[in-house]
There are 2 protein chains.
Amino acid sequence: MPPSKLKSNEAPVPPRRQQDADAKAGSGVPVKARPLTRIQREKQDIILEAALEVFSVHGFRGSTIDQIAEVAGMSKPNLLYYFPRKEEIHRRLMSELLVTWLAPLREMDAKGDPFPEIRSYIRRKLEMARDFPRESRLFANEMLQGAPRIIEMIEVDLKNLVDEKAQVLLGWMDEGKLARTDPYHLIFSIWATTQHYADFDVQVRAVLGPARGGEGRFEDAARYLEQLFLFGLTPRKQPGKPA
Amino acid sequence: MPPSKLKSNEAPVPPRRQQDADAKAGSGVPVKARPLTRIQREKQDIILEAALEVFSVHGFRGSTIDQIAEVAGMSKPNLLYYFPRKEEIHRRLMSELLVTWLAPLREMDAKGDPFPEIRSYIRRKLEMARDFPRESRLFANEMLQGAPRIIEMIEVDLKNLVDEKAQVLLGWMDEGKLARTDPYHLIFSIWATTQHYADFDVQVRAVLGPARGGEGRFEDAARYLEQLFLFGLTPRKQPGKPA
DNA sequence: CTAACATTTTTCCAACTGGTCAAAATTCTT
DNA sequence: AAGAATTTTGACCAGTTGGAAAAATGTTAG
(Lines give C-alpha, C1' and ligand atoms only; values in the text may rest on other atoms or scores of the structure.)
Protein backbone atom coordinates (compact mmCIF):
# COMPACT_ATOMS: atom_id res chain seq x y z
CA MET A 1 0.00 0.00 0.00
CA PRO A 2 1.66 3.17 -1.22
CA PRO A 3 1.55 6.16 1.15
CA SER A 4 -0.70 7.98 -1.34
CA LYS A 5 -0.34 11.74 -1.39
CA LEU A 6 -2.91 13.84 0.41
CA LYS A 7 -5.85 14.42 -1.83
CA SER A 8 -6.54 18.09 -2.30
CA ASN A 9 -10.31 17.75 -2.03
CA GLU A 10 -11.11 21.44 -2.12
CA ALA A 11 -13.31 22.68 -4.93
CA PRO A 12 -15.37 20.10 -6.81
CA VAL A 13 -15.95 22.51 -9.71
CA PRO A 14 -18.43 25.27 -8.90
CA PRO A 15 -21.67 24.33 -10.65
CA ARG A 16 -23.90 27.38 -10.82
CA ARG A 17 -23.66 31.09 -10.08
CA GLN A 18 -25.93 32.91 -7.66
CA GLN A 19 -27.16 35.95 -9.56
CA ASP A 20 -24.78 38.50 -10.96
CA ALA A 21 -21.57 39.05 -8.96
CA ASP A 22 -19.45 39.02 -12.09
CA ALA A 23 -19.63 39.29 -15.87
CA LYS A 24 -21.49 36.69 -17.89
CA ALA A 25 -19.85 35.69 -21.13
CA GLY A 26 -21.44 34.53 -24.36
CA SER A 27 -24.33 36.98 -24.72
CA GLY A 28 -24.13 40.24 -26.60
CA VAL A 29 -25.29 42.00 -23.47
CA PRO A 30 -22.80 44.79 -22.68
CA VAL A 31 -21.87 43.31 -19.28
CA LYS A 32 -23.93 45.53 -17.04
CA ALA A 33 -21.46 45.49 -14.11
CA ARG A 34 -23.57 47.28 -11.55
CA PRO A 35 -21.55 49.66 -9.41
CA LEU A 36 -22.13 48.08 -5.96
CA THR A 37 -24.64 49.60 -3.58
CA ARG A 38 -23.73 51.19 -0.28
CA ILE A 39 -24.97 48.15 1.60
CA GLN A 40 -22.93 45.85 -0.60
CA ARG A 41 -19.77 47.74 0.11
CA GLU A 42 -20.43 47.89 3.83
CA LYS A 43 -21.42 44.27 4.18
CA GLN A 44 -18.53 43.02 2.11
CA ASP A 45 -16.18 44.90 4.36
CA ILE A 46 -17.78 43.45 7.45
CA ILE A 47 -17.51 39.98 5.99
CA LEU A 48 -13.89 40.40 4.97
CA GLU A 49 -13.05 41.66 8.42
CA ALA A 50 -14.75 38.68 10.01
CA ALA A 51 -13.12 36.30 7.57
CA LEU A 52 -9.72 37.74 8.40
CA GLU A 53 -10.40 37.07 12.05
CA VAL A 54 -11.32 33.45 11.40
CA PHE A 55 -9.02 32.46 8.53
CA SER A 56 -5.99 33.95 10.23
CA VAL A 57 -6.41 31.58 13.13
CA HIS A 58 -7.69 28.37 11.58
CA GLY A 59 -6.51 28.55 8.00
CA PHE A 60 -8.73 27.93 5.01
CA ARG A 61 -9.81 24.37 5.66
CA GLY A 62 -10.13 24.86 9.38
CA SER A 63 -12.52 27.78 9.04
CA THR A 64 -16.22 27.49 8.35
CA ILE A 65 -18.65 29.85 6.70
CA ASP A 66 -20.79 29.58 9.80
CA GLN A 67 -17.97 30.84 11.97
CA ILE A 68 -17.35 33.77 9.67
CA ALA A 69 -21.04 34.56 9.46
CA GLU A 70 -21.33 34.52 13.24
CA VAL A 71 -18.41 36.88 13.68
CA ALA A 72 -19.84 39.08 10.95
CA GLY A 73 -23.17 39.07 12.74
CA MET A 74 -25.24 37.71 9.90
CA SER A 75 -26.76 34.45 8.74
CA LYS A 76 -24.86 32.06 6.53
CA PRO A 77 -27.18 32.39 3.54
CA ASN A 78 -26.98 36.15 3.88
CA LEU A 79 -23.22 36.00 3.82
CA LEU A 80 -23.34 33.74 0.80
CA TYR A 81 -25.42 36.37 -0.93
CA TYR A 82 -22.37 38.62 -0.95
CA PHE A 83 -19.71 36.02 -1.56
CA PRO A 84 -21.14 33.05 -3.39
CA ARG A 85 -18.44 30.77 -2.05
CA LYS A 86 -15.89 30.37 0.64
CA GLU A 87 -12.98 30.45 -1.76
CA GLU A 88 -14.13 33.82 -3.04
CA ILE A 89 -13.77 35.39 0.36
CA HIS A 90 -10.35 33.95 0.85
CA ARG A 91 -9.20 34.98 -2.60
CA ARG A 92 -10.26 38.57 -2.02
CA LEU A 93 -8.54 38.64 1.33
CA MET A 94 -5.31 37.26 -0.07
CA SER A 95 -5.04 39.53 -3.07
CA GLU A 96 -5.74 42.62 -0.97
CA LEU A 97 -3.24 41.36 1.57
CA LEU A 98 -0.36 40.86 -0.80
CA VAL A 99 -0.44 44.45 -1.95
CA THR A 100 -0.23 45.95 1.53
CA TRP A 101 2.12 43.23 2.59
CA LEU A 102 4.77 44.12 0.08
CA ALA A 103 4.39 47.88 0.39
CA PRO A 104 7.20 48.26 2.95
CA LEU A 105 9.70 46.53 0.73
CA ARG A 106 8.56 48.58 -2.27
CA GLU A 107 9.47 51.69 -0.38
CA MET A 108 13.09 50.70 0.02
CA ASP A 109 14.80 53.24 -2.18
CA ALA A 110 17.92 52.60 -4.22
CA LYS A 111 18.74 56.28 -4.10
CA GLY A 112 18.89 56.34 -0.32
CA ASP A 113 21.71 55.08 1.87
CA PRO A 114 21.59 51.44 2.89
CA PHE A 115 21.45 51.80 6.64
CA PRO A 116 18.66 54.34 6.91
CA GLU A 117 16.76 52.42 4.25
CA ILE A 118 17.17 49.01 5.84
CA ARG A 119 16.55 50.43 9.26
CA SER A 120 13.24 51.96 8.27
CA TYR A 121 12.28 48.87 6.33
CA ILE A 122 12.70 46.87 9.51
CA ARG A 123 10.70 49.44 11.45
CA ARG A 124 7.87 49.39 8.96
CA LYS A 125 7.72 45.61 8.97
CA LEU A 126 7.72 45.58 12.73
CA GLU A 127 4.92 48.10 12.77
CA MET A 128 2.93 45.88 10.48
CA ALA A 129 3.49 42.93 12.79
CA ARG A 130 2.23 45.09 15.63
CA ASP A 131 -0.69 46.74 13.88
CA PHE A 132 -1.81 43.96 11.54
CA PRO A 133 -1.01 40.69 13.25
CA ARG A 134 -4.02 38.95 11.77
CA GLU A 135 -2.88 39.75 8.27
CA SER A 136 0.53 38.38 9.12
CA ARG A 137 -0.98 35.17 10.42
CA LEU A 138 -3.26 34.82 7.44
CA PHE A 139 -0.22 35.01 5.24
CA ALA A 140 1.72 32.59 7.40
CA ASN A 141 -1.14 30.14 7.39
CA GLU A 142 -1.22 30.16 3.63
CA MET A 143 2.54 29.63 3.45
CA LEU A 144 2.45 26.71 5.85
CA GLN A 145 -0.04 25.00 3.60
CA GLY A 146 2.22 25.44 0.62
CA ALA A 147 0.49 28.60 -0.63
CA PRO A 148 -1.91 26.59 -2.82
CA ARG A 149 -4.13 29.58 -3.51
CA ILE A 150 -1.49 32.25 -4.09
CA ILE A 151 1.47 30.43 -5.48
CA GLU A 152 1.43 32.31 -8.79
CA MET A 153 1.36 35.65 -7.03
CA ILE A 154 4.35 34.54 -5.00
CA GLU A 155 6.20 33.27 -8.03
CA VAL A 156 5.53 36.39 -10.08
CA ASP A 157 4.77 39.58 -8.17
CA LEU A 158 6.66 38.80 -5.01
CA LYS A 159 9.60 37.21 -6.77
CA ASN A 160 9.95 40.14 -9.14
CA LEU A 161 9.90 42.65 -6.34
CA VAL A 162 12.48 40.72 -4.36
CA ASP A 163 14.69 40.31 -7.40
CA GLU A 164 14.54 44.03 -7.96
CA LYS A 165 15.38 44.87 -4.36
CA ALA A 166 18.13 42.28 -4.28
CA GLN A 167 19.72 44.24 -7.11
CA VAL A 168 19.45 47.39 -5.06
CA LEU A 169 21.19 45.69 -2.18
CA LEU A 170 23.89 44.35 -4.47
CA GLY A 171 24.42 47.85 -5.75
CA TRP A 172 25.01 49.13 -2.25
CA MET A 173 27.43 46.30 -1.64
CA ASP A 174 29.34 47.19 -4.78
CA GLU A 175 29.64 50.74 -3.52
CA GLY A 176 31.11 49.37 -0.30
CA LYS A 177 28.29 50.81 1.74
CA LEU A 178 26.97 47.46 2.85
CA ALA A 179 28.68 44.25 3.87
CA ARG A 180 28.94 41.86 0.95
CA THR A 181 26.50 39.08 1.62
CA ASP A 182 23.54 37.24 0.14
CA PRO A 183 20.81 39.81 -0.56
CA TYR A 184 18.03 37.22 -0.74
CA HIS A 185 18.79 35.71 2.61
CA LEU A 186 19.16 39.21 3.96
CA ILE A 187 15.60 39.96 2.96
CA PHE A 188 14.42 36.62 4.34
CA SER A 189 16.00 37.40 7.68
CA ILE A 190 14.17 40.71 7.89
CA TRP A 191 10.88 39.05 7.07
CA ALA A 192 11.47 36.27 9.55
CA THR A 193 12.56 38.38 12.48
CA THR A 194 9.77 40.92 12.15
CA GLN A 195 6.87 38.64 11.30
CA HIS A 196 7.84 36.43 14.18
CA TYR A 197 6.34 38.98 16.56
CA ALA A 198 2.94 38.59 14.93
CA ASP A 199 2.95 34.91 14.04
CA PHE A 200 4.44 33.61 17.27
CA ASP A 201 2.88 36.23 19.46
CA VAL A 202 1.66 33.75 22.08
CA GLN A 203 5.11 32.35 22.45
CA VAL A 204 6.75 35.75 22.66
CA ARG A 205 4.32 36.87 25.32
CA ALA A 206 4.60 33.66 27.27
CA VAL A 207 8.38 33.79 27.30
CA LEU A 208 8.67 37.48 28.14
CA GLY A 209 6.07 37.18 30.85
CA PRO A 210 3.64 39.89 31.91
CA ALA A 211 6.36 42.37 32.87
CA ARG A 212 8.16 42.59 29.53
CA GLY A 213 5.51 41.12 27.27
CA GLY A 214 3.38 44.26 27.09
CA GLU A 215 3.27 46.72 24.24
CA GLY A 216 6.85 47.68 24.99
CA ARG A 217 8.05 44.46 23.45
CA PHE A 218 7.93 45.99 20.00
CA GLU A 219 10.21 48.80 21.02
CA ASP A 220 12.61 46.32 22.58
CA ALA A 221 12.48 44.25 19.44
CA ALA A 222 13.17 47.28 17.27
CA ARG A 223 16.19 48.21 19.34
CA TYR A 224 17.54 44.71 19.34
CA LEU A 225 17.05 44.16 15.62
CA GLU A 226 18.65 47.46 14.80
CA GLN A 227 21.75 46.44 16.64
CA LEU A 228 21.73 42.95 15.18
CA PHE A 229 21.51 44.12 11.60
CA LEU A 230 23.98 46.91 12.09
CA PHE A 231 26.74 45.30 14.07
CA GLY A 232 25.77 41.75 14.88
CA LEU A 233 26.67 40.41 18.27
CA THR A 234 30.35 41.21 18.34
CA PRO A 235 31.10 43.42 21.34
CA ARG A 236 32.35 46.93 20.52
CA LYS A 237 33.90 49.78 22.41
CA GLN A 238 31.28 51.73 24.35
CA PRO A 239 31.19 55.20 22.73
CA GLY A 240 30.03 57.02 25.86
CA LYS A 241 32.14 55.17 28.38
CA PRO A 242 35.67 56.57 28.37
CA ALA A 243 36.55 55.31 31.89
CA MET B 1 -24.74 43.01 17.67
CA PRO B 2 -21.52 42.42 19.60
CA PRO B 3 -18.68 40.95 17.54
CA SER B 4 -18.85 37.83 19.70
CA LYS B 5 -15.53 36.08 20.13
CA LEU B 6 -14.88 32.96 18.13
CA LYS B 7 -16.37 30.05 19.92
CA SER B 8 -13.81 27.40 20.61
CA ASN B 9 -16.09 24.53 19.65
CA GLU B 10 -13.50 21.83 19.93
CA ALA B 11 -14.19 19.16 22.52
CA PRO B 12 -17.78 18.88 23.73
CA VAL B 13 -16.66 16.80 26.71
CA PRO B 14 -15.71 13.25 25.77
CA PRO B 15 -18.61 11.05 26.82
CA ARG B 16 -17.41 7.46 26.87
CA ARG B 17 -14.16 5.58 26.51
CA GLN B 18 -13.49 2.88 23.97
CA GLN B 19 -11.89 0.08 25.92
CA ASP B 20 -8.72 0.53 27.91
CA ALA B 21 -6.18 3.07 26.64
CA ASP B 22 -5.65 4.53 30.09
CA ALA B 23 -6.19 3.91 33.77
CA LYS B 24 -9.68 3.61 35.18
CA ALA B 25 -10.21 5.13 38.57
CA GLY B 26 -12.63 4.17 41.31
CA SER B 27 -12.27 0.38 41.33
CA GLY B 28 -9.87 -1.52 43.52
CA VAL B 29 -8.50 -3.18 40.42
CA PRO B 30 -4.70 -2.69 40.32
CA VAL B 31 -4.79 -0.77 37.03
CA LYS B 32 -3.63 -3.49 34.68
CA ALA B 33 -1.74 -1.16 32.30
CA ARG B 34 -0.91 -3.71 29.64
CA PRO B 35 2.52 -3.25 28.16
CA LEU B 36 1.58 -2.54 24.53
CA THR B 37 1.89 -5.27 21.94
CA ARG B 38 4.28 -5.14 19.04
CA ILE B 39 1.47 -4.31 16.64
CA GLN B 40 0.28 -1.52 18.89
CA ARG B 41 3.67 0.10 18.93
CA GLU B 42 4.11 -0.21 15.19
CA LYS B 43 0.66 1.03 14.30
CA GLN B 44 0.83 3.95 16.66
CA ASP B 45 4.06 5.02 15.04
CA ILE B 46 2.53 4.75 11.59
CA ILE B 47 -0.44 6.81 12.72
CA LEU B 48 1.69 9.48 14.33
CA GLU B 49 3.79 9.76 11.22
CA ALA B 50 0.68 10.14 9.08
CA ALA B 51 -0.82 12.62 11.50
CA LEU B 52 2.34 14.69 11.39
CA GLU B 53 2.05 14.80 7.63
CA VAL B 54 -1.53 16.01 7.77
CA PHE B 55 -1.61 18.21 10.86
CA SER B 56 1.54 20.06 9.84
CA VAL B 57 -0.15 21.25 6.69
CA HIS B 58 -3.75 21.85 7.67
CA GLY B 59 -3.60 22.44 11.39
CA PHE B 60 -5.79 20.70 13.91
CA ARG B 61 -9.20 21.83 12.76
CA GLY B 62 -8.34 21.61 9.10
CA SER B 63 -7.26 17.98 9.33
CA THR B 64 -9.62 15.04 9.37
CA ILE B 65 -9.27 11.58 10.82
CA ASP B 66 -10.10 10.22 7.41
CA GLN B 67 -7.15 11.99 5.85
CA ILE B 68 -4.82 10.70 8.51
CA ALA B 69 -6.20 7.20 8.20
CA GLU B 70 -5.73 7.26 4.45
CA VAL B 71 -2.13 8.40 4.72
CA ALA B 72 -1.57 5.78 7.38
CA GLY B 73 -3.08 3.17 5.08
CA MET B 74 -5.83 2.01 7.39
CA SER B 75 -9.53 2.51 7.95
CA LYS B 76 -10.84 5.25 10.17
CA PRO B 77 -12.37 2.93 12.77
CA ASN B 78 -9.15 1.00 12.84
CA LEU B 79 -7.21 4.16 13.49
CA LEU B 80 -9.66 5.09 16.22
CA TYR B 81 -8.91 1.78 17.85
CA TYR B 82 -5.40 3.00 18.59
CA PHE B 83 -6.20 6.61 19.38
CA PRO B 84 -9.74 6.94 20.62
CA ARG B 85 -9.94 10.55 19.52
CA LYS B 86 -8.41 13.08 17.25
CA GLU B 87 -7.20 15.25 20.10
CA GLU B 88 -5.26 12.31 21.51
CA ILE B 89 -3.18 12.00 18.39
CA HIS B 90 -2.43 15.67 18.32
CA ARG B 91 -1.55 15.78 21.99
CA ARG B 92 0.94 12.93 21.62
CA LEU B 93 2.51 14.59 18.62
CA MET B 94 2.89 17.91 20.39
CA SER B 95 4.39 16.62 23.57
CA GLU B 96 6.92 14.49 21.72
CA LEU B 97 7.67 17.46 19.51
CA LEU B 98 8.42 19.93 22.24
CA VAL B 99 11.16 17.78 23.67
CA THR B 100 13.10 17.42 20.44
CA TRP B 101 12.28 20.97 19.53
CA LEU B 102 14.06 22.45 22.50
CA ALA B 103 17.00 20.09 22.46
CA PRO B 104 19.26 22.41 20.44
CA LEU B 105 18.80 25.27 22.87
CA ARG B 106 19.40 22.93 25.81
CA GLU B 107 22.78 22.12 24.39
CA MET B 108 23.96 25.71 24.49
CA ASP B 109 26.62 25.53 27.14
CA ALA B 110 27.43 28.30 29.60
CA LYS B 111 30.96 26.96 29.94
CA GLY B 112 31.67 27.39 26.25
CA ASP B 113 32.52 30.61 24.46
CA PRO B 114 29.61 32.61 23.11
CA PHE B 115 30.44 32.61 19.42
CA PRO B 116 31.08 28.94 18.94
CA GLU B 117 28.05 28.17 21.08
CA ILE B 118 25.70 30.53 19.28
CA ARG B 119 27.08 29.52 15.95
CA SER B 120 26.43 25.87 16.51
CA TYR B 121 23.04 26.61 17.99
CA ILE B 122 22.12 28.33 14.77
CA ARG B 123 23.50 25.43 12.77
CA ARG B 124 21.54 22.90 14.74
CA LYS B 125 18.32 24.85 14.38
CA LEU B 126 18.91 25.19 10.68
CA GLU B 127 19.49 21.48 10.40
CA MET B 128 16.22 20.86 12.14
CA ALA B 129 14.46 23.16 9.69
CA ARG B 130 16.03 21.17 6.88
CA ASP B 131 15.54 17.68 8.27
CA PHE B 132 12.27 18.08 10.15
CA PRO B 133 10.27 20.70 8.31
CA ARG B 134 6.97 19.04 9.12
CA GLU B 135 7.67 19.24 12.81
CA SER B 136 8.50 22.89 12.41
CA ARG B 137 5.26 23.54 10.59
CA LEU B 138 3.26 21.59 13.12
CA PHE B 139 4.67 23.82 15.80
CA ALA B 140 4.09 26.95 13.77
CA ASN B 141 0.51 25.95 13.10
CA GLU B 142 -0.14 25.53 16.78
CA MET B 143 1.42 28.92 17.52
CA LEU B 144 -0.64 30.68 14.89
CA GLN B 145 -3.76 29.36 16.54
CA GLY B 146 -2.68 30.74 19.87
CA ALA B 147 -1.21 27.46 21.10
CA PRO B 148 -4.52 26.37 22.67
CA ARG B 149 -3.36 22.83 23.26
CA ILE B 150 0.16 23.46 24.52
CA ILE B 151 0.02 26.82 26.20
CA GLU B 152 1.03 25.46 29.62
CA MET B 153 4.04 23.69 28.18
CA ILE B 154 5.06 26.96 26.58
CA GLU B 155 4.52 28.93 29.73
CA VAL B 156 6.40 26.49 31.92
CA ASP B 157 8.95 24.27 30.21
CA LEU B 158 9.83 26.52 27.34
CA LYS B 159 9.83 29.68 29.40
CA ASN B 160 12.04 28.15 32.06
CA LEU B 161 14.54 26.97 29.51
CA VAL B 162 14.66 30.34 27.82
CA ASP B 163 15.01 32.13 31.13
CA GLU B 164 17.92 29.91 31.97
CA LYS B 165 19.66 30.45 28.66
CA ALA B 166 19.00 34.17 28.78
CA GLN B 167 21.03 34.16 31.99
CA VAL B 168 23.82 32.37 30.22
CA LEU B 169 23.82 35.00 27.50
CA LEU B 170 23.77 37.79 30.09
CA GLY B 171 26.75 36.19 31.74
CA TRP B 172 28.69 36.27 28.50
CA MET B 173 27.74 39.89 28.04
CA ASP B 174 28.99 40.73 31.51
CA GLU B 175 32.29 39.14 30.63
CA GLY B 176 32.46 41.39 27.59
CA LYS B 177 32.48 38.42 25.25
CA LEU B 178 29.18 39.26 23.66
CA ALA B 179 27.59 42.55 22.67
CA ARG B 180 25.29 43.82 25.36
CA THR B 181 21.78 43.38 24.07
CA ASP B 182 18.44 41.82 24.88
CA PRO B 183 19.00 38.09 25.35
CA TYR B 184 15.34 37.18 24.85
CA HIS B 185 15.03 38.94 21.56
CA LEU B 186 18.35 37.44 20.59
CA ILE B 187 16.90 33.98 21.06
CA PHE B 188 13.74 34.97 19.22
CA SER B 189 15.76 36.13 16.26
CA ILE B 190 17.55 32.81 16.04
CA TRP B 191 14.29 30.93 16.17
CA ALA B 192 12.70 33.17 13.59
CA THR B 193 15.52 33.15 11.07
CA THR B 194 16.07 29.42 11.18
CA GLN B 195 12.48 28.19 11.33
CA HIS B 196 11.65 30.49 8.46
CA TYR B 197 13.34 28.04 6.10
CA ALA B 198 10.93 25.30 7.10
CA ASP B 199 7.73 27.26 7.66
CA PHE B 200 8.00 29.51 4.62
CA ASP B 201 9.69 26.94 2.44
CA VAL B 202 7.42 27.55 -0.56
CA GLN B 203 8.16 31.22 -0.48
CA VAL B 204 11.89 30.71 -0.12
CA ARG B 205 11.95 28.30 -3.04
CA ALA B 206 9.75 30.51 -5.19
CA VAL B 207 11.90 33.56 -4.59
CA LEU B 208 15.23 31.82 -5.02
CA GLY B 209 14.04 30.08 -8.15
CA PRO B 210 15.16 26.67 -9.36
CA ALA B 211 18.81 27.64 -9.62
CA ARG B 212 19.42 28.71 -6.03
CA GLY B 213 16.40 27.14 -4.37
CA GLY B 214 17.83 23.63 -4.26
CA GLU B 215 19.35 21.92 -1.26
CA GLY B 216 22.19 24.41 -1.34
CA ARG B 217 19.89 27.06 0.10
CA PHE B 218 20.54 25.79 3.60
CA GLU B 219 24.26 26.21 3.22
CA ASP B 220 23.76 29.71 1.85
CA ALA B 221 21.46 30.48 4.75
CA ALA B 222 23.98 29.17 7.25
CA ARG B 223 26.73 31.33 5.80
CA TYR B 224 24.54 34.40 5.70
CA LEU B 225 23.21 33.97 9.23
CA GLU B 226 26.67 33.40 10.58
CA GLN B 227 27.80 36.71 9.18
CA LEU B 228 24.65 38.48 10.31
CA PHE B 229 24.92 37.33 13.88
CA LEU B 230 28.62 37.88 14.06
CA PHE B 231 29.10 41.23 12.41
CA GLY B 232 25.78 42.47 11.14
CA LEU B 233 25.71 44.26 7.84
CA THR B 234 28.35 46.89 8.42
CA PRO B 235 31.06 46.54 5.78
CA ARG B 236 34.50 45.57 7.09
CA LYS B 237 38.01 45.44 5.71
CA GLN B 238 38.54 42.31 3.65
CA PRO B 239 41.13 40.25 5.57
CA GLY B 240 42.58 38.61 2.48
CA LYS B 241 42.50 41.63 0.19
CA PRO B 242 45.46 43.88 0.93
CA ALA B 243 45.35 45.74 -2.41
C1' DC C 1 -5.77 -27.08 19.36
C1' DT C 2 -8.36 -23.67 21.50
C1' DA C 3 -9.86 -20.20 24.64
C1' DA C 4 -8.74 -15.54 25.52
C1' DC C 5 -7.39 -11.73 23.79
C1' DA C 6 -6.08 -8.35 20.08
C1' DT C 7 -7.18 -6.40 15.69
C1' DT C 8 -9.98 -5.20 11.80
C1' DT C 9 -14.13 -4.50 9.21
C1' DT C 10 -18.90 -3.28 8.56
C1' DT C 11 -22.64 -0.67 9.60
C1' DC C 12 -24.45 3.14 11.51
C1' DC C 13 -25.39 7.88 13.44
C1' DA C 14 -25.92 12.68 14.77
C1' DA C 15 -23.79 16.94 14.08
C1' DC C 16 -21.52 19.86 10.91
C1' DT C 17 -20.44 21.60 6.35
C1' DG C 18 -20.83 24.25 1.98
C1' DG C 19 -24.31 25.63 -0.60
C1' DT C 20 -29.33 26.26 -2.85
C1' DC C 21 -33.83 28.22 -3.29
C1' DA C 22 -38.11 30.48 -2.86
C1' DA C 23 -40.49 33.56 -0.18
C1' DA C 24 -40.60 37.43 2.83
C1' DA C 25 -38.88 41.88 4.26
C1' DT C 26 -36.62 45.93 3.30
C1' DT C 27 -34.79 49.73 0.60
C1' DC C 28 -34.61 52.59 -3.38
C1' DT C 29 -36.51 55.13 -7.35
C1' DT C 30 -39.81 57.55 -9.57
C1' DA D 1 -47.20 55.64 -2.58
C1' DA D 2 -46.21 52.06 -5.76
C1' DG D 3 -43.31 49.25 -8.37
C1' DA D 4 -38.81 47.55 -8.90
C1' DA D 5 -34.76 46.11 -7.09
C1' DT D 6 -32.14 44.63 -3.31
C1' DT D 7 -31.46 42.25 0.99
C1' DT D 8 -32.64 38.87 4.47
C1' DT D 9 -34.65 34.78 6.18
C1' DG D 10 -35.99 29.96 6.84
C1' DA D 11 -36.26 25.54 5.18
C1' DC D 12 -33.74 22.33 3.04
C1' DC D 13 -30.00 19.11 0.94
C1' DA D 14 -26.24 16.11 -0.04
C1' DG D 15 -21.72 15.17 1.43
C1' DT D 16 -18.44 15.10 5.29
C1' DT D 17 -16.90 14.41 9.89
C1' DG D 18 -15.93 12.49 14.52
C1' DG D 19 -17.10 8.71 16.65
C1' DA D 20 -19.84 4.24 18.53
C1' DA D 21 -21.17 -0.64 18.46
C1' DA D 22 -20.86 -4.99 17.29
C1' DA D 23 -19.62 -8.61 14.51
C1' DA D 24 -15.81 -10.90 12.17
C1' DT D 25 -11.24 -12.14 11.90
C1' DG D 26 -6.53 -12.80 13.49
C1' DT D 27 -2.92 -14.11 17.06
C1' DT D 28 -0.97 -16.42 20.76
C1' DA D 29 -0.15 -18.62 25.32
C1' DG D 30 -1.08 -22.71 27.46
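When the listed pairs A:Lys165/B:Lys177; B:Lys125/B:Lys177; A:Lys111/A:Lys159; B:Lys125/B:Lys159; A:Lys125/B:Lys159; A:Lys111/B:Lys177 are checked against a 28 Å cut-off, the alpha-carbon distance exceeds it for A:Lys165/B:Lys177; A:Lys111/B:Lys177.
Look at the alpha carbon pairs under 8 Å that are at least 6 residues apart: their mean separation over the length of region A:38-84 gives a relative contact order of 41 percent.
Rolling a 1.4 angstrom probe over region B:91-231 with all protein chains present gives an accessible area of which 54% lies on carbon and sulfur atoms. Taking every C-alpha pair closer than 8 Å and separated by at least 6 residues, the mean separation divided by the residue count of region B:53-122 gives a relative contact order of 18 percent. Here A:Lys177 yields copy-to-copy label distances, from shortest upward, of 3.8 nm, the label point defined as 7 Å from Cα along Cα to C-beta. Could you work out the relative contact order of region B:65-221? I mean the mean sequence separation of Cα pairs under 8 Å and 6+ apart, divided by the number of residues, in percent. The normalised contact order for region B:65-221 reaches 24 percent. Largest accessible area first, the residues B:Glu164, A:Glu135 order themselves as B:Glu164, A:Glu135 under a 1.4 Å probe with ligands, DNA and RNA left out.
Within the full protein context, the accessible area of B:Ser120 is estimated at about 40 Å² for a probe radius of 1.4 Å. For region B:91-231, the gyration tensor built on C-alpha atoms gives an oblate shape. Its axis ratio a/c (a ≥ b ≥ c) is at least 1.5, and a/b is not larger than b/c. Remark: region A:161-177, residue by residue, has Karplus-estimated 3J(HN,Hα) of 4, 5, 4, 4, 6, 5, 5, 4, 4, 4, x, 4, 5, 4, 6, x, 8 Hz, where x stands for each Gly or Pro and the curve is 6.51 cos²θ - 1.76 cosθ + 1.60 at θ = phi - 60°. Fraction of C-alpha pairs exceeding 15 angstrom in region A:38-84: 35 percent, rounded to a whole number. The heavy atoms of A:Asp131 offer some 80 square angstrom of accessible surface to a 1.4 angstrom probe.
Note the distances from A:Gly146 to each other copy's matching label point, with points 7 Å along the Cα-to-beta-carbon direction, in nm, sorted shortest first. Spacings between copies for this position, smallest first, are 2.9 nm. The same position B:Lys111 in the other copies lies at 5.9 nm from this copy, comparing label points 7 Å beyond Cα toward the beta-carbon, shortest first.
Placing +1 on the Cβ of every Lys and Arg and -1 on the Cβ of every Asp and Glu, with no other charges, gives region A:38-84 a dipole of roughly 180 debye about its Cα centre.
The values are calculated or read from the model by the stated rules, or taken from the named source; none is laboratory data. This is a predicted model, so every value here is computed, not measured. Cβ sites come from the backbone with ideal geometry, for glycine too, and all protein chains shown count toward neighbours. Areas reflect the complete protein model, heavy atoms only, side chains present, ligands, DNA and RNA absent. Shrake-Rupley method; radii C 1.70, N 1.55, O 1.52, S 1.80 Å.
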